[in-house]
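Here's the structure we're looking at; comments come further down.
The values are calculated or read from the model by the stated rules, or taken from the named source; none is laboratory data. Just so you know, these numbers come straight off a predicted model, no measurement behind them. Please note: Cβ atoms are built from the backbone with ideal geometry, for glycine as well, and neighbour counts cover all protein chains shown.
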Amino acid sequence: MKIGVFDSGLGGLAIAQSIIRRLPQFDYLYLGDTKRVPYGGRSQETIHEFTSQALSYLFEHQCQLVILACNTASAEALRKSQQEYLPKHYPDRRVLGMIIPSAEAVFEVSQPNSVGVLATSSTVESGAYKRELCRVQEDIAVIQIAAPLLVPLIENRGQKYILPILEDYLQPLKEAGVESVVLGCTHYCLIKDKVRQVMGCPVISQDEVIPEKVANYLTRHPEIESKLSQSRRREFHVTDITPGCSDLAWALGREEIQLEKVVLK
Ligand code: DGL
């Protein structure tokens with residue numbers, strides 16, 4: 001059985017590859033819904049529908065554990081999938097999201113009284129980060145910023161134009177003097193250095209924290225780990241292949257990645 005990693009597009013490759021580097025012995029199946037990306041401005045209902053289709057695909061293709069690398073899907077669809085979909089269809093499989101481990105990581109790095117969250121519009125609207133941060137520390141002040149321009153800029157090689165836009169998004173966090181920042185979107189791993197430069201406070205980047213969290217989860221759940229095959233096989237499936245796909249996959253995954261086109265039902 002494999003570890004599945006799902007994202008709305010290719011951004012999750014940054015997280016998938018960092019998990020693969022930390023736990024190289026396992027077999028992985030990455031699924032990116034490149035045909036329907038971005039999810040970040042869609043309704044909760046639609047995100048749930050697309051995420052359920054992706055989970056079905058990954059479970060049908062022998063994934064024991066699925067990591068929802070997509071923050072938007074984690075924020076909107078994870079709870080419902082864990083409470084309704086899994087018990088009914090695949091009771092022995094597991095799905096892990098990004099929000100809880102990222103929120104926990106904030107307090108493992110420092111002891112802030114205020115946290116800024118940078119994410120897609122839909123993740124911000126869901127309030128998921130605020131909820132999980134307050135669960136760890138009830139009185140934490142959370143300022144969420146929706147940054148809809150960042151994903152398209154990163155995807156279209158627009159990094160050289162990003163700094164003034166990023167500074168503008170980060171301005172309210174600077175003014176409020178937040179003591180930590182969470183990058184709540186797959187793509188933002190690529191701009192973590194710029195955010196650190198602007199903010200000058202601890203910045204949680206998921207490519208740095210999620211691999212250790214997954215390793216930890218497997219140690220605590222030998223019943224899941226024992227089912228994982230260890231042939232170092234990697235498959236990267238996407239729902240559409242466009243001319244820029246391979247370049248973007250390289251930029252995000254930091255190595256040559258063979259993408260295979262598949263259909264979700
Ligand atoms: N993968 C999404 C996330 O992490 C960003 C791209 C999108 O909007 O679909 O939130």
Considering every residue within region 3-17, establish whether at least one is over 23 Å from R234 (Cβ atoms) and modelled with pLDDT under 95.
-> no
Give me the pairs: first residue in region 32-43 and of a type in the set (A, V, I, L, M, F, W, C), second residue within 9 Å of the ligand (Cβ to nearest atom) and at pLDDT below 90, beta-carbon distance under 9 Å, and six or more apart or on different chains, which are they?
-> V37/E155
Any residue in region 33-43 that is more than 21 Å from L252 (Cα to Cα) and either away from the ligand (no atom under 14 Å from the Cβ) or of a type in the set (D, E) (or both)?
-> no
Taking into account only those residues within region 1-32 that are away from the ligand (no atom under 12 Å from the Cβ) and hydroxyl-bearing (S, T, Y), which is farthest from the chain's Cα centre (by Cα)?
-> Y28
For A54, indicate whether it is on the phi < 0 side of the Ramachandran plot, within 16 Å of the ligand (Cβ to nearest atom) and modelled with pLDDT under 95.
-> no
Which residues, counting only those in region 24-47, are outside any helix (DSSP H, G or I), hydrophobic (A, V, I, L, M, F, W, C) and under 20 Å from V238 (Cβ atoms)?
-> L29, L31, V37
Evaluate the following for F50: is it assigned to a helix (DSSP H, G or I), within 16 Å of the chain's Cα centre (by Cα), surrounded by 21 or more Cβ atoms within 10 Å (Cβ to Cβ) and touching a residue at least 12 places away in the same chain (Cβ under 8 Å)?
-> yes
Six or more apart or on different chains, Cβ under 8 Å: which pairs go from a residue in region 239-255 that's within 22 Å of C189 (Cα to Cα) and among the polar types (S, T, N, Q) to one that's outside any helix (DSSP H, G or I) and modelled with pLDDT of 80 or more? Could you list them?
-> S246/I257; S246/L259
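Out of everything in region 60-73 that is near the ligand (Cβ under 8 Å from one of its atoms) and in a helix (DSSP H, G or I), what residue ends up being surrounded by the fewest Cβ atoms within 10 Å (Cβ to Cβ)?
A73
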What number goes with the only condition from (1) modelled with pLDDT of 95 or more; (2) in a loop (DSSP other than H, G, I, E, B); (3) polar (S, T, N, Q) that T242 does not pass?
-> (1)
Residues in region 114-141 that are farther than 19 Å from L78 by Cβ and not small (G, A, S) total 6
Going by the conditions given, is K88 more than 15 Å from the chain's Cα centre (by Cα), among the charged types (D, E, K, R) and under 15 Å from F236 (Cβ atoms)?
-> no
Return the pairs, sorted by first residue and then second, in which the second residue is in a helix (DSSP H, G or I) and not acidic (D, E), the first residue lies in region 147-160 and is more than 22 Å from P172 (Cα to Cα) and near the ligand (Cβ under 9 Å from one of its atoms), the beta carbons are less than 9 Å apart, and the residues are 6+ apart or on different chains.
-> E155/H187; E155/L248
Do we have any residue at all in region 87-100 that's under 30 Å from S226 (Cα atoms), touching a Ser or Thr at 6+ places or on another chain (Cβ under 9 Å), free of Cβ contacts under 8 Å to residues at least 40 places away in the same chain and basic (K, R)?
-> no
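Which residue is surrounded by the fewest Cβ atoms within 10 Å (Cβ to Cβ), if the candidates are limited to region 117-146 and must be within 16 Å of the ligand (Cβ to nearest atom) and not in a helix (DSSP H, G or I)? Write out each step before concluding.
First, pick out the residues of region 117-146 that are within 16 Å of the ligand (Cβ to nearest atom): 117-130, 132, 144-146.
Now restrict to residues that are not in a helix (DSSP H, G or I): 117-120, 127, 144-146.
Numbers: V117: 30, L118: 27, A119: 28, T120: 28, G127: 13, Q144: 22, I145: 17, A146: 18.
So, considering only residues that are within 16 Å of the ligand (Cβ to nearest atom) and not in a helix (DSSP H, G or I), the one surrounded by the fewest Cβ atoms within 10 Å (Cβ to Cβ) is G127.
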Can you name the residue in region 93-114 that is touching a Phe, Trp or Tyr at 6+ places or on another chain (Cβ under 8 Å) and outside any loop (DSSP other than H, G, I, E, B) and is also surrounded by the most Cβ atoms within 10 Å (Cβ to Cβ) among such residues?
-> A103
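Looking at A16, A77, can you tell me which residue is in contact with a Gly (Cβ under 8 Å, 6 or more places away or on another chain) and part of a helix (DSSP H, G or I)? Break it down into steps so the answer makes sense when it comes.
Details: A77 fails: in contact with a Gly (Cβ under 8 Å, 6 or more places away or on another chain).
When all the criteria are applied, what remains is A16.
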